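Trainee: Take this structure, written in structure tokens, and hold onto it; I'll ask about it next.
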Amino acid sequence: MDIFKASERLMGMDEATWARHANPISVYTRFTALPLLCAAVLSRFWLGWWALVPIALVLVWTWLNPRLFSTPTHTDSWAARGVMGERVFLNRHTVPIPTHHIRWGYGLSIAAGLGVIPLLWGLWIGDLAWVITGLALSMGAKTWFVDRMTFLYDEMARTHTEYAAWARRAR
């Protein structure tokens, strides 16, 4: 099973949602999801079972975020190209991508996953230092992943008209 495709299906991403998620506001506000989820989980120490309310709100925010903003007027930004690169990466079984992009994608995803280990430990014991360490590792690797996806998109758009057609240039 491809964890990347499973995540896409879980989020219910379709063409229109991907186009809206390419809005830089969507991308940058999406970076709030994991820290907010951590805060919501940690709130169990003072809210008890009521912590399920902020957890549910963060999960709704995570699902709603790529749908909330309009499609960008242009896709020249780092954020938009990163989102389009993620789409290219997800489509790698249909349209092959260069091996070095696959290695970067998997390597950075593994690094982000490894960051979840101290994060989960910190959430379990309520230690903010572990949580922040895990957040820094996980979000740092995810940000680097998005950055690498800009290179993937740029390279693939030069040779595949379908990918090039996603671009909208600033006027």
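Trainee: Being in contact with a helix residue (DSSP H, G or I) (Cβ under 8 Å, 6 or more places away or on another chain) and closer than 13 Å to I97 by Cβ is the filter here; which residues of region 143-159 pass it?
Mentor: R148, M149, F151, L152, Y153, D154, E155, M156, A157, R158, listed by residue number.
Trainee: Which condition from (1) touching a Gly at 6+ places or on another chain (Cβ under 6 Å); (2) over 22 Å from T32 (Cα atoms) is the one that I97 breaks?
Mentor: Every listed condition holds for I97 apart from (1).
Trainee: Something else: Taking region 80-113, which residues are without any contact (Cβ under 8 Å) to a residue 60 or more places away in the chain, assigned to a helix (DSSP H, G or I) and of a type in the set (A, V, I, L, M, F, W, C)?
Mentor: Passing the criteria: A80, I102, W104, L108, I110, A111, A112.
Trainee: For the subset of region 118-133 comprising residues that are in contact with a helix residue (DSSP H, G or I) (Cβ under 6 Å, 6 or more places away or on another chain) and farther than 28 Å from N23 by Cβ, which member is surrounded by the fewest Cβ atoms within 10 Å (Cβ to Cβ)?
Mentor: Looking at residues that are in contact with a helix residue (DSSP H, G or I) (Cβ under 6 Å, 6 or more places away or on another chain) and farther than 28 Å from N23 by Cβ, I get G126.
Trainee: Does R67 meet the test of being of a type in the set (D, E, K, R) and modelled with pLDDT under 95?
Mentor: Considered against the rule, which asks whether it is of a type in the set (D, E, K, R) and modelled with pLDDT under 95, R67 comes out as yes.
Trainee: Here is a follow-up. Residues of region 61-92 being within 14 Å of the chain's Cα centre (by Cα), more than 20 Å from Y163 (Cα to Cα) and buried (at least 16 other Cβ atoms within 10 Å of the Cβ), which ones?
Mentor: Residues satisfying the conditions are W61, T62, N65.
Trainee: Here is a further query. Residues that are in contact with a Pro (Cβ under 7 Å, 6 or more places away or on another chain), part of a helix (DSSP H, G or I) and polar (S, T, N, Q): does region 122-142 have at least one?
Mentor: Checked region 122-142: at least one residue is in contact with a Pro (Cβ under 7 Å, 6 or more places away or on another chain), part of a helix (DSSP H, G or I) and polar (S, T, N, Q).
Trainee: Is region 51-60 home to any residue that is small (G, A, S), surrounded by fewer than 19 Cβ atoms within 10 Å (Cβ to Cβ) and in contact (Cβ under 8 Å) with a residue 60 or more places away in the chain?
Mentor: No - not one qualifying residue is present in region 51-60.
Trainee: Determine, yes or no, whether A56 is assigned to a helix (DSSP H, G or I) and in contact with a helix residue (DSSP H, G or I) (Cβ under 6 Å, 6 or more places away or on another chain).
Mentor: No.
Trainee: Next question, about the same structure. Tell me, yes or no, whether region 34-45 has at least one residue that is free of Cβ contacts under 8 Å to residues at least 40 places away in the same chain, more than 21 Å from F145 (Cβ to Cβ) and crowded, with 18+ Cβ neighbours inside 10 Å.
Mentor: Yes, region 34-45 has at least one match.
Trainee: I want to confirm something. Restricting to region 134-158 and keeping residues that are polar (S, T, N, Q) and either modelled with pLDDT under 95 or in contact with a Phe, Trp or Tyr (Cβ under 9 Å, 6 or more places away or on another chain) (or both), which single residue is surrounded by the most Cβ atoms within 10 Å (Cβ to Cβ)?
Mentor: For region 134-158, the residue satisfying everything is T150.
The values are calculated or read from the model by the stated rules, or taken from the named source; none is laboratory data. Remember, predicted model here, so these are calculated numbers, not experimental data. In this analysis, Cβ positions are derived from the backbone assuming ideal geometry, glycine residues included, and neighbour counts consider all displayed protein chains.
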